[in-house]
Amino acid sequence: MNCCLLRPGQNSSGKRLSDLLSQHGMQCCNTRQPTYRPAGSLLDILATNRSELVTRAGVTRCHYGTPHDITRLALRLTGFRRSAGPVTQCRSLARVDKAGFNNQLVNTDWAPVYTAAGPDMKWTAFLQIFTPLLDSVAPSRRLLRRPTRAPPTSEHTRHLLAIRRDALSGDRQDYKEINRSARAAIRADCRRHLQEQLTRAGPGSLWRVLRPIIGSNKKHSTLEGITADALNDFYVSVAPRLAATVLAPSRPVHVRLPRVCTGGLRVQPVTMEALWGIIQGMKPSSFEGPDGLSVKTIQTFFDGFGHIVLDLVNASLETGTVPASWKHATITPIPKGKLISSDPSSTRPISMLPAITKITERAVQLQLAEYMERHHLLGETQHGYRKSHSCETALHVVTDDILRAMDSGEIALWAMLERMFGPHTIDRFAALATALLPVYNSRFRDPCTSGLDALGQSDWNQHNNFVNPPFRLIPRVLDVVEAQQAVATLIAPLWPGAPWMGRLRRLSVCPPVQLPPVTQSCLPLLQHQQIEPHRNRWWTLCAWRISGEPG
């Protein structure tokens, strides 16, 4: 409504608007100050039917420097209650005298822990002594998690903001200059605050620091209609149902791999230095399990009761038992995707184990990794869960292999075979490091193989087979192709004197494709493997398209 309330007159537009609002039990609550300064008019209308709740009214300058001011109205709300935010249970260690409490822990009588029999009794005795001491200095409280505060401003920025407030009633051009300087100072304070957070949290927490600024399109919703018992029953049933879908092997699988040495792994007790390195290397999480301990608490007061933590961890390692309370995890269900459903299968569990459990697991993991590295039980292609290895090193190796294959013509050769005889569906003689197809058979068991012993498989007639066998197994490959009436692309030398050469020519459905020298063939050779054929370098390697179907 473009009408000025400051213009008098019995038949003015402002008078007619006031009469109209009065007929509906409302009245204008605007200030009598103009909102458009060049014309001295009051154009913005604020009306209410509860004028007794109005505490103040006024105008404020537009931050963009326009002459059109903004009308403000403050109301006193009654019967309004702010919705409660998320509540967490935690301890505040900020005001604890850490040196004094560590001295108190050192002077505490821990004899019941040392004399207890077994990890369970030791852990119970430890909690009975340590928990009251910790509650006396840092009691566990229920805290309301509030939104993230704005970054702190410097003294210079606060001074500019005060000058900007004083300049509201002054010259417009001066206000625009001061407002521009104040906004630049606020942005500088935000950058400095983010840089301090990144320096304190480390480069691994980059997205955690920037997420409140970048924002997220995820909707934080509570799971309604799902009980804790329903979630527990579903999560417990996942593993048995998954195990039931795994097919049994066609023949017995050896439990011990052939390359595993006879010396078994024996977990040894850890030293104080090793335990301190494990705890210092963990993230300082403030999550408290059912025992009321967090990783941050153990790190803070390790000087006072580190010898007790060492005794608890070594008791579990030496006896080979884990207390039942260490296996209790706090599980938080997280919705899958954006849709919120009452079906437990639409959630995924986030499990949080007690801090003492994480420390013990880390001690075992370090010894297991060292054992496997010392006995060379991990392949060269294993990059996960290894020291000095990561996804980055795996990408570097894959990129280097691809570039080497492009330089030697292997990728072009494989593409040619795929175009002529493909698409192939299975690589019969391969391994995790040499497979040319996602589905392959291997000699030894590995996580990705579809079966052991290619010659013992009964599904040759269901695939377009790519076969690159050791040359001594070529007769057996021909037996399987004929018996199962399968089709295959066979990599074999053009060896006129071989006893199986006549049979190979009979099963061929087209002339063989001559391949480059063996060092540039499509066979992915490892560095320690011996090139085959190695007895006669003048042999010619060919790709034979064979079929066992009659006629």
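The values are calculated or read from the model by the stated rules, or taken from the named source; none is laboratory data. What you are looking at is a predicted structure, and each value in this text was computed from that prediction instead of being measured. Cβ placement follows ideal geometry from the backbone for every residue including glycine, while neighbour counts extend to all protein chains displayed. Protein only, heavy atoms only, side chains kept; ligands, DNA and RNA dropped before computing areas. Shrake-Rupley method; radii C 1.70, N 1.55, O 1.52, S 1.80 Å.
What to note about this one:
- The condition (being open to solvent by less than 50 Å² (accessible area, probe 1.4 Å), assigned to a loop (DSSP other than H, G, I, E, B) and among the β-branched types (V, I, T)) is satisfied by just one residue among T360, T381, T393, T449: T449.
- Subset of region 333-357 [surrounded by fewer than 13 Cβ atoms within 10 Å (Cβ to Cβ), β-branched (V, I, T) and more than 20 Å from P284 (Cα to Cα)]: I334
- Listed by first and then second residue, the pairs with beta-carbon distance under 8 Å, at least 6 apart or on different chains, first residue in region 187-203 and among the charged types (D, E, K, R), second in a helix (DSSP H, G or I) and open to solvent by less than 50 Å² (accessible area, probe 1.4 Å), are D189/T157.
- Selected residue [acidic (D, E), in the same structural domain as G100 (by the TED database) and not in a helix (DSSP H, G or I)] from E373, E288, E318: E288
- Residue count, region 96-109 (criterion: charged (D, E, K, R) and either touching a strand residue (DSSP E or B) at 6+ places or on another chain (Cβ under 6 Å) or without any contact (Cβ under 8 Å) to a residue 40 or more places away in the chain (or both)): 1
- Qualifying residue in region 345-352 (condition: closer than 19 Å to V238 by Cα and over 18 Å from the mean Cα position of the chain (by Cα)): yes
- Residue check, R404 within 15 Å of G548 (Cα to Cα), part of a helix (DSSP H, G or I), open to solvent by 60 Å² or more (accessible area, probe 1.4 Å) and free of Cβ contacts under 8 Å to residues at least 60 places away in the same chain: no
- Region 208-255, residues that are open to solvent by 70 Å² or more (accessible area, probe 1.4 Å), outside any loop (DSSP other than H, G, I, E, B) and modelled with pLDDT under 80: R208, R211, P212, I213, I214
- The set of residues in region 407-452 that are modelled with pLDDT under 80 and β-branched (V, I, T) comprises I411, T434.
- Scoring L455 on the criteria (1) on the phi > 0 side of the Ramachandran plot; (2) without any contact (Cβ under 8 Å) to a residue 40 or more places away in the chain; (3) over 30 Å from the mean Cα position of the chain (by Cα) leaves a single failure, condition (1).
- The number of residues in region 30-64 that are assigned to a loop (DSSP other than H, G, I, E, B) and either closer than 30 Å to D171 by Cβ or in contact with a Gly (Cβ under 8 Å, 6 or more places away or on another chain) (or both) comes to 20.
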